[in-house]
Amino acid sequence: MSDVEDYTGRTGRNETREEQMDRNWAELLQELRVLQTGVQILAGFLLTLPFQSRFEKLDDFQVGLYLVNVVVAALTTAFILLPVSVHRRLFRKRLKETLVSSADVITKIALGGIGLLSAGTAALVFDVTAGRSAGLTAGGVLLAVLVVLLVYVPLHLNRRATAGR
């Protein structure tokens, strides 16, 4: 559940609903800036690969994995940019709560994208350097670790905090 859905009117802060939405929007923008840097680094790495002499030696699976990673990087970038586009459309229409709740969902999707991109890039690098089984293992293990870190840990912390109230 997002902060907007959890809103009860009591935040423990002396702020209006509008101030809370402004703060939530600012926090989401900061999170998107962090995500953007990670995606830019991985996408930049991927975009240099075709210009390496060794790229021509990739097999069909590796080329396919590379292209999937490029698509995931492009889509993740689009999701990171989407809240800015939504903000431009909703600007001055008194729809900050809609903006914040939609950006919350979009940011979660972008987190999933960067998780897939990280696992896919690791799988590609391990596949090229250490072999297919190493690539599949590295990608699978990293994906599992990222699911735990990006999905299970936040859900667990939320449940624990909710039970402690």
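The values are calculated or read from the model by the stated rules, or taken from the named source; none is laboratory data. Values in this document were obtained by computation on a predicted structure and should not be read as measured data. Every residue, glycine as well, gets a Cβ built from its backbone with ideal geometry; the counts of neighbours run over all protein chains shown. Keep in mind that these areas ignore ligands, DNA and RNA; they rest on the heavy atoms of the full protein, side chains included. Shrake-Rupley method; radii C 1.70, N 1.55, O 1.52, S 1.80 Å.
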| task | Would you rank THR121, THR162 by solvent-accessible area, highest first, keeping every protein chain in place and using a 1.4 Å probe? | result | THR162, THR121
| request: Using R₀ = 25 Å, calculate the FRET efficiency as 1/(1 + (r/R₀)^6) where r is the Cβ-Cβ separation of ALA144 and GLN40; round to 0.05. | output: 0.50
| request: Determine the relative contact order of the stretch 11-109: mean sequence separation of Cα pairs under 8 Å and six or more apart, normalised by residue count, in whole percent. | output: 41 percent
| said: Using protein chains only and a probe of 1.4 angstrom, how many square angstrom of SER101 are accessible, to the nearest 10? | reply: 40 Å²
| note | The relative contact order of the chain, taking Cα pairs under 8 Å that sit 6 or more residues apart, comes to a percentage of 24 percent
| Which of the lysines could be linked to LYS108 by a straight reach, that is with a Cα gap under 17 Å, when you skip same-chain ones fewer than 8 residues away? | none
| remark: Counting only protein heavy atoms and rolling a 1.4 Å probe, one gets per residue an accessible area for the stretch 35-123 in Å² of 59 Å²
| task | Using only protein heavy atoms and a 1.4 Å probe, report how much of LYS96 is accessible, in Å² to the nearest 10. | result | 70 Å²
| query | Helix 132-147: angle to the longest alpha-carbon principal axis of the chain, degrees 0 to 90, nearest 10? | reply | 10 degrees
| GNM result for the chain, Cα springs below 10 Å: residue of LEU124, LEU28, LEU155 fluctuating most strongly | LEU155
| field | Selected from GLN40, GLN52, GLN30 as most flexible by GNM, with the chain as the system and alpha-carbon contacts under 10 Å | value | GLN52
| query | Dipole of the chain (Lys/Arg Cβ +1, Asp/Glu Cβ -1, origin at the Cα centre): which of GLY131, VAL71, ALA26 lies farthest to the positive side? | reply | ALA26
| said: From the protein chains alone at 1.4 Å, what is the descending order of accessible area for VAL39, VAL125, largest first? | reply: VAL125, VAL39
| Summing -39500 (n - 2.57) over the DSSP H runs of n ≥ 4 in the chain and dividing by its residue number, what mean residue ellipticity at 222 nm do you reach, to the nearest 500 deg cm²/dmol? | -27000 deg cm²/dmol
| Which net charge results when you count Lys and Arg as +1 and Asp and Glu as -1 among the other residues whose beta-carbon is under 12 Å from that of VAL86? | +3
| remark: Carbon and sulfur atoms account, in whole percent of the 1.4 Å probe accessible area of the chain, for 63 percent
| remark: Heavy-atom accessible area with a 1.4 angstrom probe orders PHE79, PHE55, PHE126, most exposed first, as PHE126, PHE79, PHE55
